[in-house]
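Below: one structure, written as structure tokens.
The values are calculated or read from the model by the stated rules, or taken from the named source; none is laboratory data. What you see is a predicted model, and the numbers here were worked out from it, not measured in a lab. In this analysis, Cβ positions are derived from the backbone assuming ideal geometry, glycine residues included, and neighbour counts consider all displayed protein chains. Heavy atoms of the whole protein, side chains included, go into the accessibility calculation; ligands, DNA and RNA do not. Shrake-Rupley method; radii C 1.70, N 1.55, O 1.52, S 1.80 Å.
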Amino acid sequence: MKVLITGAAGFLGSHLTDRFLADGHSVVGLDNFITGHRDNLAHLANEPRFTFMEHNISEYTEVPGGLDGVLHFASPASPIDYLELPIQTLKVGSLGTHNALGIALAKKARFFIASTSEVYGDPLVHPQTESYWGNVNPIGPRGVYDEAKRFAEAITMAYHRYHGVDTRIVRIFNTYGPRMRPRDGRVVSNFIVQALNGEPITIYGDGSQTRSFCYVEDEVEGIYRLFNSGDAFPTNIGNPVEYTVKQLAEIVVELTQTQSQISYKPLPEDDPKVRQPDITRARTMLKWEPKVDVREGISRTINYFRTLLGTPRMAARSAAPR
Ligand code: UDP
């Protein structure tokens, strides 16, 4: 197969690129480096099955040659990124998805959209099943991401129903691991980098809100299986083991053996109080479930950040305010 992956220089996009290449497929990566980084693709410099296009998928483009799949992963995905880039986030979820669907239609390729647990908003159903329609504030600060992804799901289903495009929708829950940016603002990267630097660990609110953290290798395996053997309806891919943010801070403190103190900061507006995927559909349809438990995954991620922060160029990058 030959597939196009938008957002290929991002955290998930680059791991997904590796997964397709590992199975002998060819990948055209596309990214405009707004939140992705060239370093995530540096190891593919001499890979003949990988080609790269620097482009913003929110603008029309043509991709030469045939394609079997189009996987649209381009988007700011961390809350601080999409709060800083609200218009780009809305555009890449709407115009970007439209352009990526157009490419899939023209090439008769399978289309795959990276959606999110944020479509459930601050959920009133717990854990979240795919049949839950969500509780999203469309005009709140997070609405730019949530509504962009909800629109992306809607237009994907429209292309499926109206044009007969073979489509997939994954709802990705909190994912972590190597290649996260040190200062991307997410809880796992923040806590680990703060712990390694001996800085205060910033818990927003009282830390009683919950998230369910999936190691990137598991997440990408679920996505890969969904691409190959799923159906058109949305599928949750995430790790159903739920932690409070405070428990996560305690795990990071223990595994890094840091002297850092906990520092409490205000809870961001519309921050979901709970989040946990029901993965019955993925278990049944894809025979998939996560394998890496949080301590193992966090340990691997600590090792990654230790190495990254140890190199002077990366230390400078991590220190730069975003
Ligand atoms: N959070 C925190 N401290 C941080 C960063 C995040 O307590 O330094 C909290 C945040 O308020 C949320 C949870 O951790 O409740 C997960 O935040 P993240 O930005 O990783 O992703 P989200 O699930 O909110 O999209």
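Overall shape: oblate for the stretch 264-310, with the ratio a/c of the largest to smallest alpha carbon gyration tensor axis at 1.5 or above and b/c at least equal to a/b. Each residue of the stretch 60-66 is assigned a 3J(HN,Hα), and the resulting list reads 4, 8, 10, 10, x, x, x Hz, derived from the Karplus form 6.51 cos²θ - 1.76 cosθ + 1.60 (θ = phi - 60°), x at Gly and Pro.
Over the residues of the chain, the helix contribution to mean residue ellipticity at 222 nm works out to -13000 deg cm²/dmol, using -39500 (n - 2.57) for each DSSP H run of at least 4. Shown for the stretch 59-137: the carbon plus sulfur share of the solvent-accessible area, taken with all protein chains present and a 1.4 angstrom probe, equals 61%. Helix 143-163 axis versus longest C-alpha principal axis of the chain: approximately 20°, rounded to the nearest ten.
The longest part of the chain holding none of the exposed loop GluC sites (Glu not before Pro), meaning those outside H, G, I, E and B in DSSP with at most 15 other Cβ atoms within 10 Å, is 63-268. By its C-alpha gyration tensor, with a ≥ b ≥ c as the square roots of the eigenvalues, how is the stretch 67-130 shaped: rounded for a/c under 1.5, else prolate for a/b larger than b/c, else oblate? Oblate shape, in that a/c is at least 1.5 and b/c is the bigger or equal ratio.
For Ala114, nonlocal amide neighbours, meaning residues 5 or more places apart or on other chains whose placed amide H falls under 5 Å from its own, are His72. For the chain, treating each Cα as an identical point scatterer without solvent, what Debye log10 I(q)/I(0) comes out at q = 0.07 1/Å? Each listed q maps to, in turn, -0.25. Phi angles of the stretch 76-91 translate, via the Karplus equation with coefficients 6.51, -1.76, 1.60 and θ = phi - 60°, into HN-Hα couplings of x, 10, 9, x, 5, 5, 6, 6, 7, 10, x, 6, 4, 5, 5, 5 Hz per residue; Gly and Pro are given as x.
Taking the C-alpha atoms only, the angle from helix 187-197 to the longest principal axis of the chain is near 40 degrees. Against the chain, whose longest principal axis comes from its Cα atoms, helix 216-229 is set at around 20 degrees. Shape class of the stretch 1-156 from the alpha-carbon gyration tensor: prolate, with a/c at 1.5 or above and a/b greater than b/c.
Taken per residue, the accessible surface of the chain reaches 42 Å², heavy atoms only and a 1.4 Å probe. Rolling a 1.4 Å probe over the protein heavy atoms of the stretch 195-259, with every protein chain left in place, gives an accessible area that is 49 percent carbon and sulfur. Dipole size of the chain about its Cα centre, with +1 on Lys/Arg Cβ and -1 on Asp/Glu Cβ: approximately 360 debye, rounded to the nearest 20.
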